[in-house]
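Written below as structure tokens is the structure these notes are about.
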Amino acid sequence: MRLKFCENPIMEPTRSCPRLRWLLPALLATAAFAMQEQGDVVSRAALLQEVPPNTDHPIARKVIATQEDEISSQPAAKKIMTVHYRAKPTAQYSMNDDRIVIALEQNGQYRILKVYESDAAVIDGKLYSEDDFDQEFISIRGLRFLHIRDHLSGSGGITQHDVYTISSDGKLSTIPFDESRSKLLKAGEELRNGQYLFANGEFSFEAGIYIDSDPECCPSNGAYHAIYKLEGNFKHSPEGAFTPDFKFAVAKEWRSEK
């Protein structure tokens, strides 16, 4: 018995290679999506394609949401598009396997500014993910920003927050939160298991007040609370661009007992 190998397994007539024709759609989809990384300029249609499986993300991720809105900049706002892709996990207690692409609209095309991807793996033959994401456009002090939340498994379900602004030359940057030690804390006290929350146009923060010997479940000295205000604006740089210079500063803080 002699085995026959196709010289061109993709383009050769299927009569010669009947099985290989099923590889073509998957290979083309993988090749098309491989270019969609930070810095690439792509069409809207390309952004809306399903993400094919790969080594790190073995289940195809489908588009579950798109949002397109303006975020504030100087001298004019810029249109941003976010595309949210998701694969449902196959492992119990796992997060979703997500990908979020943030892209800047430029004359009908989209330049990819940032890509978020879940930390996913296959464990015992099942897809498992450590985190997933959600996003929204928000308004603070009459300005528009993009808010990305990264939900992490473990550690009490901590959520990380990124608030994005943009320069006039299309560079995305996050707005930092003031994380200096509060004057309300006494010697030997520390904050643990803190969580930010955005509601009614402002960010707040809450954390347990612990001493060194406290277990994670039980802070001895109650809770710390803070409300943040947005400070800063866009500055005109010597190079001619308007660059964002914002921060979230503590406007009010207090303690509450157990």
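The values are calculated or read from the model by the stated rules, or taken from the named source; none is laboratory data. Note that the coordinates shown come from a computational prediction; the quantities given were computed from them, not determined experimentally. Positions of Cβ are backbone-derived with ideal geometry, glycine not excepted, and every protein chain shown enters the neighbour counts.
For the reader, a short list of remarks on this structure follows.
- With respect to the conditions (1) at pLDDT 95 or above; (2) assigned to a loop (DSSP other than H, G, I, E, B); (3) more than 22 Å from Lys247 (Cβ to Cβ), Gly156 lacks only one, and its number is (1).
- The stretch 203-246 - residue that is more than 19 Å from Lys183 (Cα to Cα) and touching a Gly at 6+ places or on another chain (Cβ under 7 Å) and, of those, surrounded by the fewest Cβ atoms within 10 Å (Cβ to Cβ): Asp245
- Of all residues in the stretch 112-137, those that are farther than 28 Å from Ala45 by Cα and among the basic types (Lys, Arg) total 1.
- Checked against the criterion of being out of contact with any strand residue (DSSP E or B) (no Cβ under 9 Å at 6 or more places or on another chain) and at pLDDT 90 or above, the candidates Ala31, Ala45 yield just one match: Ala45.
- Taken over the stretch 58-76, residues that are free of Cβ contacts under 8 Å to residues at least 60 places away in the same chain and in contact with a Leu (Cβ under 8 Å, 6 or more places away or on another chain) amount to 2.
- If you go through the stretch 104-132 and keep only what is farther than 29 Å from Pro215 by Cα and within 12 Å of the chain's Cα centre (by Cα), you end up with Leu113, Lys114, Val115, Tyr116, Glu117, Ser118.
- Scanning the stretch 99-120 for residues that are touching a Ser or Thr at 6+ places or on another chain (Cβ under 9 Å) and surrounded by fewer than 17 Cβ atoms within 10 Å (Cβ to Cβ), we see that the one that is modelled with the highest pLDDT is Gln109.
- Qualifying residue in the stretch 160-174 (condition: farther than 30 Å from Glu117 by Cβ, surrounded by 15 or more Cβ atoms within 10 Å (Cβ to Cβ) and under 27 Å from the mean Cα position of the chain (by Cα)): no
- Out of Asp131, Asp119, Asp98, one residue alone is touching a Phe, Trp or Tyr at 6+ places or on another chain (Cβ under 7 Å) and not basic (Lys, Arg). It is Asp98.
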